[in-house]
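Step one of this worksheet: look at the structure below.
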Amino acid sequence: MRIRATVAVVSGALALSALAVPASQASQAAPSDRHAPAAGQYGFPAQQHTAVPQAKQRALAATAANTAPVLNKIVVNGGKPIVVGLTGTKKVSVAITASDNSGIVDASTIIWIGSSVEDPNGYAFFQNEDAATCKAASATTSTCTLTVTVDSQELINTDARTWKVGAIALAKDQEMVRKDAFGSVQLQRLSRLTVNAAPEPVKKGRTITVTGKLDRVNWDGGNYTGYASQPVKLQFRKKNSTTYTTVKTVKGATTGALKTTVTASVDGYYRWSFAGSATTAPINATGDYIDVQ
């Protein structure tokens, strides 16, 4: 079983927090410890932003009445689930739209699971950048973009679920708004699907046997394993067509193996199609051509 490593390095603005886990403390942690974001890691360090002179602060207070900024919208990974394979990393975009009558200057984010961002049994991935790239839509509203890198080597199978996404927005008058669970995103295991239709060629009216296998990444074991007992559609498209139609739905074996039979009628392609689940990404197999004579 893969052991989740301690997240020793916190990147971006969050790394500069005074309350980040000290290096000496992190080095003493057991390799199997899960690292939760400590209080203060998720926020803006005081030294990151230029202080506003007192006279300007008073002027802003008088004109803006210290109105707190508002978080309007968050879009994570373009609105799609985060699908992660066995190796490598996945860079995820987080776009935070916020508004304040003084304007928005920066934003921060975190993708996490647990009862809170301080949950010692939780886990988190932090933003890559020290500061967000903010684009103003008006004098009061901006969309600030950040990225978060999800590392497959830090995942275990139970991480395939809904993750919360925190957002912080900082206004030009130094007012700040924070919501730890402002958004959410589904993290899914990458799936694979094969197909084979035989015999080929085949005479019209004879039986074709279509087999295949559905499996998915197993982060715990560092391999791919069969996805048991899942409904998978057998689809067919004629030789000169671009559209697949569903022939039947087959429930896979406990090993993920798929098997069914159809009657040969015309030349074309057979494929398996898996619609996906909450934990596992959808996938279509590459069509296997059958020559019907």
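The values are calculated or read from the model by the stated rules, or taken from the named source; none is laboratory data. Predicted, not measured: the structure shown is a model, and the values here were computed from it. Using ideal geometry, Cβ is built from the backbone for each residue, glycine included, and neighbour counts are taken over all protein chains shown. Note: accessible area is taken over every heavy atom of the protein model, side chains too, but ligands, DNA and RNA are not part of it. Shrake-Rupley method; radii C 1.70, N 1.55, O 1.52, S 1.80 Å.
Magnitude of the Cβ-charge dipole of segment 90-202, K/R +1 and D/E -1, about the Cα centre, nearest 20 debye?
On the way: 10 positive and 13 negative charges, 74 e Å.
The calculation lands at about 360 debye.
Might you work out the accessible area of Lys213 for me, using a 1.4 Å probe with all protein chains in place, and round it to the nearest 10 Å²?
90 Å²
Where nothing but the Cβ of Lys and Arg (+1) and of Asp and Glu (-1) is charged, how large is the charge dipole of segment 145-293 around its Cα centre, in debye to the nearest 20?
Details: 20 positive and 12 negative charges, 169 e Å.
The calculation lands at about 820 debye.
Using just the alpha carbons, could you tell me how many Å³ per residue the convex hull of segment 229-274 encloses?
Details: hull volume 2.9 nm³, N = 46.
Cα convex hull per residue, to the nearest whole number: 63 Å³.
Where a Cα-Cα gap under 16 Å defines reach, which lysines qualify for Lys90, not counting those fewer than 8 residues away within the same chain?
The reachable lysines, counting only those whose Cα sits under 16 Å from Lys90, are Lys80.
So if I take the alpha carbon set of segment 144-221, get Rg, then get Rh from the Kirkwood formula, what is the Rg over Rh ratio? Spell out each step's value before the answer.
On the way: Rg = 23.3 Å, Rh = 17.4 Å.
Rg divided by Rh gives 1.33.
Which listed residue (Val177, Asn128, Leu155) has the Cα farthest towards the positive end of the charge dipole for segment 125-185, taking +1 on Lys and Arg C-beta and -1 on Asp and Glu C-beta about the Cα centre?
Of Val177, Asn128, Leu155, it is Val177.
If the cut-off is a Cα-Cα distance under 25 Å, which lysines reach Lys204, setting aside same-chain residues fewer than 8 apart in sequence?
Those lysines meeting the cut-off are Lys233, Lys238, Lys239, Lys248, Lys259.
Kirkwood hydrodynamic radius, computed over distinct alpha-carbon pairs, for segment 168-293: how many Å, to one decimal? Mind dumping the intermediate values first?
Details: mean 1/r = 0.0596 Å⁻¹.
Roughly 16.8 Å, rounded to one decimal.
Excluding same-chain residues fewer than 8 positions from Lys179, which lysines have a Cα within less than 20 Å of its Cα?
Counting by Cα, and skipping residues close in sequence, Lys179 has these lysines nearby: Lys73, Lys164.
Keeping all protein chains in position, work out how much accessible area Glu200 exposes to a 1.4 Å probe, and write it in Å² to the nearest 10.
Taking all protein chains as shown, Glu200 has close to 90 Å².
Give the share of C-alpha pairs in each 10 angstrom bin for segment 103-144, from 0 to the last occupied bin, in whole percents, shortest bins first.
Here the calculated profile for segment 103-144 is 28, 33, 28, 11, 0.
Tell me, how many Å apart are the Cα centres for segment 127-148 and for segment 240-257?
Taking the Cα centre of segment 240-257 as reference, the centre of segment 127-148 is 43 Å away.
If I take every Cα pair under 8 Å that is 6 or more residues apart in segment 179-232, average their sequence separation and divide by the length, what percent do I get for the relative contact order? The partial results should precede the final answer.
Details: 53 pairs, mean separation 15.8, N = 54.
Relative contact order for segment 179-232 comes out at 29 percent.
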